[in-house]
Amino acid sequence: MSGLKRLSFSSSIFFSRHSRLQQQLFSVSVCMPRFCGLCHTMCSPPTTSASTSSSSCTSIFRYAIGVSKSLKISEKSNCLGRKQWPMQSSTNAKWVESENSSLVVENEGKKATGAKSKGLSSSSVPLFKKRLRIVDIKGGPDEGLKRVGEQLLVRGWVRTCRLQKAFSFIEVNDGSTVSNLQAIATANIEGYEKIDLGLITTGSSVLLDGVLVESQGSKQKVELQVSKLTLVGESDATTFPVQKKKLSREYLRTIAHLRPRTNTFGAVARVRSALAFATHKFFQEMGFVWLASPIVTAADCEGAGEQFCVTTLIPNSHTNPNTPINKIPCTKDGLIDWSQGDYQLVTGKQFMCSLPKAQGAALLIIQSTSVALLIIQSTSVAAPSAPSMGPLPQDFFGRPAYLTVSGQLNAETYATALCDVYTFGPTFRAENSNTSRHLAEFWMIEPELAFADLKDDMACASAYLQYVVKYILDNCKEDMEFFSTWIEKDLTTRLTNVAEKEIIHVTYSDVIDILSKAKKKFEFPVKWGCDLQSEHERYIAEDAFEGSPVIVTDYPKDIKAFYMRENDDGKTVAAMDLLVPRVGELIGGSQREERLEKLEKRMDALGLNKDSYWWYLDLRRYGSVPHAGFGLGFERLVQFATGIENIRDAIPFPRTPGSADF
């Protein structure tokens, strides 16, 4: 362009490419800038109409709308007296005048103008920043000395408050670290009367404003010299159950809502969080896609039948949990009736005509883009004649449905489209077991790899385990030291061995031979074909291979699930378990059976209803590929990483037989 051409236009501009501002609709008269062929952005007009120099080109991180200096632009109107369109800019936009008199949009993240331009009162939303925590104050090799002299605001809960003659010691913890922050409050500070009144007690929440100083004591390097104390929430010291004394794990499970305030369960929660983060980090770095597998399902992945049933056939109410047995719909044979009732299909127009007769009817509205259909129970409504739909189920799903025991089958469907996926979510098992190794609700990590065999599966499981173990050793040092001191003395050594030692591979037959020759007497007898028990697994990892993680493969098919690929010998399957010290089996996986005829034959042998797995079998009909995967119980991983003996202490709110509180 040899000059500036004045145009009046209405358009939409997307600023997201460079300054990431919102799309704005506007109507305005401006001087159009020229397009720069060097940087492919809209640039400022040249200082002279004949100039073609690229020196006037603005940064590629902003758009410039060129105007001449003689064109005066105000907040109220432009050169034609129209309302100025910058008033409708994004909440992150700032309009400035550049050196060459261009009107430039910059992303400053300050205040909103859109609401004001519409005559509405508004205020800007403050920026959210990471808040200062005690771990940030005391963390690091100098334990807080670098922050000495800083004015700080500390939020937390009181662990202890010790009164002296002229001052008081308050120990506060905010859950970010095992260590408490000691604060010194003198009698002349604002809010000290709360201490005199006995309101600053164990469990109360406070805000402490003060200066960080070097500590005169030997237990800590720094402490807070308080200038203002604010009591946020009181705590009755006579009834608060988490006092500074030793409390049994059994007792703490009865107050699971307060046990995270203890050192042990605070540390468990932080390590659990770190393991979850490391899990996502590993799989995302490896190119996996995270999949949200369903919680409610009609399939039984393991074929064990130990599932929780989900149904609306039983009348339920939190206010009245009593359910008369005669309220459950049954057939003439005394069986649960999943599909009771005679229903008809009518159009919305037909229903409106019969509306006076339809009062009290149970309606199910099905929305469509063109018509709304209503299903009316004909036994209670005199509906106009319409084509019959057949019976409509009384149960919500119209068939037995369950809480999932695994997301594996669903993950396989996406693996056969996206190649590598993983699930990470809650699973459930109605196994009436009260051992320290079982939960009714637990979390599972389940990756699936397409175009993969058992060797690929073993490699992925080994890499994942060593990755997450290294991550917590590097990033949870204080918590790991706490566990090594108070829970398991050799914890760090055990974890380091797993992270650094080579993982050993043996077959199931090799393991049976080792166990048969062992001098140790086992509670459960060992023979080929038996399912390995925890005592067998731990012996292999702890004694036979001296603390190294071990992968055992090629298990008898009779003790494994239906979906595992049958080996050529016809007796074993391509399955693998990864065994670790102290826990035993930590990971279980297999190559999946990708051959349709083999899979159907196996399901028939186990008496599984193939109709319930029609979609799973379709994966073998349409583009089947070799694929493999594994499952890892997340709580068992937390146990392994922290040394916690009971799995009920590895999850915030354990669900076990007879226990569903909180």
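Coordinate-derived values only; no laboratory data. Please read these numbers as outputs of a predicted model, since none were measured by experiment. Here the Cβ is made from the backbone with ideal geometry for all residues, glycine too, and neighbour counts use every protein chain on show.
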* Asked: Using the Cβ atoms and a cut-off under 13 Å, what net charge is assigned to the surroundings of MET564, where Lys and Arg are +1 and Asp and Glu are -1?
  -> -2
* Hey, if you drop one equal point scatterer on each alpha-carbon of the range 134-240 and run the Debye formula without solvent, what base-10 log of I(q)/I(0) do you get at q = 0.13, 0.19 Å⁻¹? -> -0.42, -0.90
* In what sequence, highest mean first, do 173-179, 248-254, 189-195 appear when ranked by Cβ atoms within 10 angstrom? -> 173-179, 189-195, 248-254
* Sorted by mean Cβ packing within 10 Å, highest first, what order do the peptides 532-540, 151-159, 443-451 take? -> 443-451, 532-540, 151-159
* Cα centre as origin, Lys/Arg/Asp/Glu Cβ charges: the range 134-240 dipole, Debye -> 220 debye
* Could you tell me which of SER215, VAL172, VAL232 has its Cα farthest along the dipole of the range 134-240 towards the positive end, charges placed at Cβ (Lys, Arg +1; Asp, Glu -1), taken about the Cα centre? => SER215
* the range 435-497: C-alpha pair distances exceeding 13 Å, % -> 74 percent
* Asked: Rounded to the nearest whole Å³, what is the per residue volume of the convex hull around the Cα atoms of the range 497-633?
  -> 129 Å³
* Structure fact -> Residue separation between LEU153 and ARG399 times 0.36 nm, minus their alpha-carbon distance, gives in nm 82.9 nm
* Compute the convex hull volume of the Cα atoms of the range 220-297, divide it by the residue count, and report the result per residue in Å³ as a whole number. => 253 Å³
* To do: Report ³J(HN,Hα) in whole Hz for each residue of the range 401-415, in order, from the Karplus equation J = 6.51 cos²θ - 1.76 cosθ + 1.60 where θ = phi - 60°; Gly and Pro get x.
  => 10, 9, 6, 5, 9, 6, x, 4, 4, 5, 5, 4, 5, 7, 5
* Asked: Around LEU153, with a cut-off of 10 angstrom between Cβ atoms, what is the net charge of the other residues, counting Lys and Arg +1 and Asp and Glu -1?
  -> +2
* Where Lys and Arg each count +1 and Asp and Glu each count -1, what net charge lies around GLY191 among other residues with Cβ under 12 Å from its Cβ? -> -2
